[in-house]
Amino acid sequence: MSKNRNLSASQRIPPLVAHLVSDRAKKALDVVEKFVEEDCIPTEGVWQTQLGTTTEQRFNTHPHVMEELKDKAKKLGLWNMFLPKNHFKEGAGFSNIEYGLMAEVLARSGLASEATNCAAPDTGNMEVLAKYGTDAQKKQWLAPLLNGEIRSAFLMTEPDIASSDATNINLRIVKEGNSWVLNGSKWWSSGAGDPRCKVYIVMGKNDPDNKNPYLQQSVILVPASTPGITIHRMLSVFGYDDAPHGHGHITFENVRVPLDHIVLGPGKGFEIIQGRLGPGRIHHAMRSIGAAEKALDYFIARINDPKKTTFGKPLHEHEIMVERLAKSRIEIDAARLIVLNAALAIDNGNAATAKKEIAQAKVLVPEALANTLDRAIQAWGAAGVCQDTPLANMWAHARTMRIVDGPDEVHLLQLGKNENKRAQVVIEKLEKQSKAKAAALSAKGLEKKDILYIGKSTGPGSKL
């Protein structure tokens, strides 16, 4: 093991996947790290100041410093890395594993993903358009998104139903003449608060009477300026507004869009959403690994602060702190391998064939992140829960990861049911093994004996 504690990003690639990362990707990974550390992180204060302080300012402002970062990222070749080369021609030519390592580094700054045009929900929306969009749809919406000229929002979740089951979606999409007419409400519409958001990707029901509940839904492209749309408010995440991105509560009242704005065709909504959510989940997991590493850095810094001593010694000399540090290291490294395994499964097939691996990452990674943040916050004490450190904000977003893109319960249920499908095979295998053991003993003229059997008795009990 190297004694160098300041390894570059390319030097920290887990040996298990190192052979799957190209030399080009390794070089890009180090460029990403340098860009994040030297450009994005130092600029975060400028971005916050330019954003403003009032609600009106924060949701009507696009800090100019972001465009400066985007210009530099483009010059460095750090643009659209999220589109995997195995499935899309529009990206930068990296695999999911290679981007996964980059996304981890990008997550160390709240600005870096957008600065490289790798920010949600645009990433998932661009994948939808690239995979399912018509040439006209790609020209109108995908091209400017790929260029970073506009942003988009994804509208699926609704306030009045259990949206974790997508078959419950209620927003109606009705064909009238040459238009689709939308009526209904959405919330947690991520990205809708940004003044640069120009298109909504909306899931709704166009055929509610279809006997197949998975053929009732459609996905449609709605220009954000279409009459009949009301953005009522932005929803806070544990008190944070996530401006200017935001999570909007939106209603549609007789909103008309052309027939050619539907994606793939009527009744294809469930297929599209499943195709979108898989990569989106793994992108969240990739970024969560980076956030966990950042939280661990804060933990280490705190327990080694010479000004912070308790009971006569620094925090790092307390065994409980060292134990927590070790547990976080184990959990993060294990979570990283789960994520990279899912990324490889997608590279070798697609999101549909990697459902199990994606679900595993979706459940395990937020837990590792939350545990590390909890330990860091505990070490920082009061400073850990206020604005003096990023830990409270990070914890709020980490906790939401157990809900977004499907709550943990849904994925655990799916994983458990699929795992239980092996029951008959397992039972037959164990029975076969038991019979084989008995046959092997018999062939040698032996009998099965329990070496711990004693059979010692004190004789029959007394008669009453």
Give me the residue from the range 146-166 that is crowded, with 23+ Cβ neighbours inside 10 Å and not aromatic (Phe, Trp, Tyr) and, out of that set, farthest from Val202 (Cα to Cα).
Arg151
Could you give me the residue pairs with C-beta distances under 6 Å whose first residue belongs to the range 321-334 and is outside the structural domain of Glu104 (by TED's automatic domain parsing), whose second residue is hydrophobic (A, V, I, L, M, F, W, C) and in a helix (DSSP H, G or I) wherever it lies, and which are 6+ apart or on separate chains?
Met321/Ile303; Met321/Leu315; Ser328/Leu296; Glu331/Ala368; Ile332/Ala292; Ile332/Ala368
Name every residue in the range 75-91 that is of a type in the set (Lys, Arg) and either assigned to a loop (DSSP other than H, G, I, E, B) or in contact (Cβ under 8 Å) with a residue 24 or more places away in the chain (or both), in order of residue number.
Lys85, Lys89
The correct count of residues that are surrounded by 24 or more Cβ atoms within 10 Å (Cβ to Cβ) and on the phi > 0 side of the Ramachandran plot in the range 167-210 is 1
Here are some conditions: (1) free of Cβ contacts under 8 Å to residues at least 12 places away in the same chain; (2) part of a strand (DSSP E or B); (3) not aliphatic (A, V, I, L, M). Gly204 meets all but one. Which one does it not meet?
(1)
Quick check: is even one residue across the range 342-357 touching a residue at least 60 places away in the same chain (Cβ under 8 Å), farther than 29 Å from Gly406 by Cβ and buried (at least 22 other Cβ atoms within 10 Å of the Cβ)?
no
Considering only the range 232-255, state which residues are closer than 16 Å to Leu155 by Cα and surrounded by fewer than 16 Cβ atoms within 10 Å (Cβ to Cβ).
His232, Arg233, Glu253
Tally of residues being of a type in the set (Ser, Thr, Tyr), under 17 Å from His247 (Cα atoms) and in a strand (DSSP E or B) across the range 153-201:
4
If you take the residues in the range 358-383 that are under 22 Å from Ile41 (Cβ atoms) and free of Cβ contacts under 8 Å to residues at least 24 places away in the same chain, which one is farthest from the chain's Cα centre (by Cα)?
Ala383
Do you know which of the residues in the range 54-71 that are in contact (Cβ under 8 Å) with a residue 12 or more places away in the chain and either in contact with a Cys (Cβ under 8 Å, 6 or more places away or on another chain) or not in a helix (DSSP H, G or I) (or both) is nearest to Gly193 (Cα to Cα)?
Phe59
Only one of Arg276, Arg256, Arg233 is assigned by TED's automatic domain parsing to the domain that holds Glu357 and either under 27 Å from Lys362 (Cβ atoms) or of a type in the set (D, E, K, R) (or both); which?
Arg276
Do we have Leu142 as hydrophobic (A, V, I, L, M, F, W, C), assigned to a helix (DSSP H, G or I) and either surrounded by fewer than 23 Cβ atoms within 10 Å (Cβ to Cβ) or under 14 Å from the mean Cα position of the chain (by Cα) (or both) here?
yes
Candidates Leu69, Leu106, filtered to the one that is within 15 Å of the chain's Cα centre (by Cα) and either under 26 Å from Ala9 (Cα atoms) or modelled with pLDDT of 95 or more (or both)
Leu106
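The values are calculated or read from the model by the stated rules, or taken from the named source; none is laboratory data. Everything numeric in this text was worked out from a predicted model, so none of it was measured. Counting neighbours? That spans all protein chains shown, and the Cβs are built from the backbone with ideal geometry, glycine included.
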